[in-house]
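The values are calculated or read from the model by the stated rules, or taken from the named source; none is laboratory data. Keep in mind the model is a prediction, meaning the values are calculated, not measured. Positions of Cβ are backbone-derived with ideal geometry, glycine not excepted, and every protein chain shown enters the neighbour counts.
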Amino acid sequence: MLAVLSLSACTGGNEEVYSQFVHLPEHLWAHTVPCYFKPGIEGDDMSITLSLRHESEYEYANANFTVDVLTRDSLVMRHPVTIRLVDDNGNWTSDGFGSLYQCQMPVADGVRLDSASVILVWQSMPCDTLYHISEVGIDVTRNK
(Lines give C-alpha, C1' and ligand atoms only; values in the text may rest on other atoms or scores of the structure.)
Protein backbone atom coordinates (compact mmCIF):
# COMPACT_ATOMS: atom_id res chain seq x y z
CA MET A 1 0.00 0.00 0.00
CA LEU A 2 2.81 2.41 0.91
CA ALA A 3 4.57 1.65 -2.40
CA VAL A 4 1.43 2.53 -4.38
CA LEU A 5 1.03 5.82 -2.49
CA SER A 6 4.70 6.63 -3.06
CA LEU A 7 4.37 5.98 -6.78
CA SER A 8 1.31 8.22 -6.95
CA ALA A 9 3.21 11.01 -5.17
CA CYS A 10 6.10 10.76 -7.66
CA THR A 11 3.86 11.22 -10.68
CA GLY A 12 2.11 14.23 -9.16
CA GLY A 13 -1.26 12.51 -9.61
CA ASN A 14 -0.95 12.52 -13.41
CA GLU A 15 -2.28 9.51 -15.28
CA GLU A 16 -0.32 8.03 -18.18
CA VAL A 17 -2.83 7.43 -20.96
CA TYR A 18 -0.52 6.64 -23.90
CA SER A 19 3.02 5.41 -24.35
CA GLN A 20 4.62 4.10 -27.53
CA PHE A 21 8.05 3.75 -29.12
CA VAL A 22 8.72 3.68 -32.86
CA HIS A 23 11.66 1.53 -33.93
CA LEU A 24 13.91 3.11 -36.57
CA PRO A 25 15.08 0.41 -39.00
CA GLU A 26 18.86 0.19 -39.35
CA HIS A 27 19.10 2.89 -36.64
CA LEU A 28 18.98 5.76 -39.11
CA TRP A 29 16.49 8.60 -39.47
CA ALA A 30 16.05 10.86 -42.51
CA HIS A 31 14.90 14.41 -41.75
CA THR A 32 12.07 14.07 -44.29
CA VAL A 33 10.46 11.09 -42.51
CA PRO A 34 8.61 11.74 -39.23
CA CYS A 35 7.90 9.26 -36.46
CA TYR A 36 4.13 8.96 -36.35
CA PHE A 37 2.02 8.49 -33.20
CA LYS A 38 -1.79 8.28 -33.00
CA PRO A 39 -2.80 8.20 -29.31
CA GLY A 40 -6.56 7.95 -29.97
CA ILE A 41 -7.42 9.79 -26.74
CA GLU A 42 -9.24 13.02 -25.94
CA GLY A 43 -8.58 15.72 -23.38
CA ASP A 44 -7.80 19.37 -22.83
CA ASP A 45 -5.01 19.15 -20.28
CA MET A 46 -2.47 16.64 -21.59
CA SER A 47 1.30 16.60 -21.16
CA ILE A 48 3.65 15.20 -23.79
CA THR A 49 7.11 13.77 -23.13
CA LEU A 50 9.59 12.78 -25.84
CA SER A 51 11.90 9.79 -25.31
CA LEU A 52 14.96 8.85 -27.30
CA ARG A 53 16.96 5.61 -27.37
CA HIS A 54 20.40 5.93 -28.92
CA GLU A 55 23.63 4.01 -29.27
CA SER A 56 27.02 5.03 -27.88
CA GLU A 57 28.17 5.61 -31.48
CA TYR A 58 25.82 8.62 -31.78
CA GLU A 59 28.16 11.39 -32.91
CA TYR A 60 26.54 14.61 -31.63
CA ALA A 61 26.34 16.21 -28.18
CA ASN A 62 22.63 16.91 -28.60
CA ALA A 63 19.61 15.89 -30.63
CA ASN A 64 17.19 18.40 -32.17
CA PHE A 65 13.58 17.58 -32.95
CA THR A 66 10.35 19.25 -34.00
CA VAL A 67 7.18 17.90 -32.43
CA ASP A 68 3.89 18.63 -34.22
CA VAL A 69 0.47 17.95 -32.72
CA LEU A 70 -2.34 17.82 -35.27
CA THR A 71 -6.04 17.53 -34.44
CA ARG A 72 -8.82 16.91 -36.94
CA ASP A 73 -9.19 20.72 -37.22
CA SER A 74 -5.67 22.12 -37.32
CA LEU A 75 -2.05 22.16 -36.25
CA VAL A 76 -2.37 22.67 -32.49
CA MET A 77 1.30 22.89 -31.65
CA ARG A 78 4.73 22.93 -33.26
CA HIS A 79 7.43 22.72 -30.65
CA PRO A 80 11.23 22.59 -31.20
CA VAL A 81 13.00 20.31 -28.72
CA THR A 82 16.71 19.98 -28.03
CA ILE A 83 17.90 17.13 -25.84
CA ARG A 84 21.42 17.53 -24.52
CA LEU A 85 23.05 14.10 -24.59
CA VAL A 86 26.62 14.89 -23.49
CA ASP A 87 27.78 16.94 -20.50
CA ASP A 88 30.72 19.38 -20.46
CA ASN A 89 33.13 16.52 -19.69
CA GLY A 90 32.01 14.42 -22.67
CA ASN A 91 29.94 11.94 -20.63
CA TRP A 92 26.53 10.71 -21.70
CA THR A 93 23.71 12.37 -19.75
CA SER A 94 21.33 9.59 -20.84
CA ASP A 95 20.54 6.55 -18.71
CA GLY A 96 21.71 3.19 -19.90
CA PHE A 97 24.47 0.66 -20.00
CA GLY A 98 26.64 -0.97 -22.60
CA SER A 99 26.09 0.70 -25.94
CA LEU A 100 22.40 1.65 -25.46
CA TYR A 101 21.09 4.80 -23.77
CA GLN A 102 17.69 6.39 -23.18
CA CYS A 103 16.67 9.92 -22.25
CA GLN A 104 13.43 11.87 -21.91
CA MET A 105 12.38 15.49 -22.13
CA PRO A 106 9.05 17.18 -21.48
CA VAL A 107 7.70 18.74 -24.67
CA ALA A 108 4.44 20.45 -23.75
CA ASP A 109 1.90 20.80 -20.99
CA GLY A 110 -1.81 21.64 -21.26
CA VAL A 111 -2.21 20.30 -24.81
CA ARG A 112 -5.68 19.57 -26.26
CA LEU A 113 -6.03 16.24 -28.05
CA ASP A 114 -9.04 14.75 -29.84
CA SER A 115 -9.61 11.16 -30.95
CA ALA A 116 -8.16 11.96 -34.39
CA SER A 117 -5.00 13.67 -33.06
CA VAL A 118 -1.64 12.74 -34.51
CA ILE A 119 1.77 13.52 -33.03
CA LEU A 120 4.66 13.75 -35.50
CA VAL A 121 8.30 13.86 -34.42
CA TRP A 122 10.85 15.07 -36.97
CA GLN A 123 14.59 15.01 -36.52
CA SER A 124 15.85 18.53 -37.18
CA MET A 125 19.60 18.12 -37.04
CA PRO A 126 21.67 19.86 -39.74
CA CYS A 127 22.39 16.51 -41.45
CA ASP A 128 20.02 14.77 -43.87
CA THR A 129 20.21 11.43 -42.08
CA LEU A 130 20.78 10.88 -38.38
CA TYR A 131 22.58 7.66 -37.45
CA HIS A 132 22.59 5.53 -34.29
CA ILE A 133 19.09 6.43 -33.07
CA SER A 134 17.25 3.17 -32.42
CA GLU A 135 13.84 4.33 -31.15
CA VAL A 136 11.76 7.44 -30.55
CA GLY A 137 8.90 7.43 -28.05
CA ILE A 138 6.02 9.58 -26.87
CA ASP A 139 4.32 9.50 -23.46
CA VAL A 140 1.03 11.34 -22.94
CA THR A 141 -0.28 11.96 -19.44
CA ARG A 142 -3.56 13.47 -18.33
CA ASN A 143 -2.99 16.24 -15.80
CA LYS A 144 -5.17 15.95 -12.71
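Some notes on this structure:
To keep it simple, each residue is scored yes or no on (1) without any contact (Cβ under 8 Å) to a residue 60 or more places away in the chain; (2) surrounded by 13 or more Cβ atoms within 10 Å (Cβ to Cβ); (3) among the basic types (Lys, Arg).
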site	(1), (2), (3)
Glu55	no, yes, no
Asn64	no, yes, no
Thr71	yes, yes, no
Thr82	yes, no, no
Asp87	yes, no, no
Asp95	yes, no, no
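- Residue within the range 23-35 that is farther than 21 Å from Ile119 by Cα, free of Cβ contacts under 8 Å to residues at least 40 places away in the same chain and either among the acidic types (Asp, Glu) or not in a strand (DSSP E or B) (or both) present: yes
- Residue list for the range 5-21, filter: modelled with pLDDT of 95 or more and surrounded by 15 or more Cβ atoms within 10 Å (Cβ to Cβ): Tyr18, Gln20, Phe21
- Listed here are the strands (runs of 3 or more DSSP E) enclosed by the range 52-124 that have at least 1 residues being at pLDDT below 90: 75-84, 95-97, 100-113.
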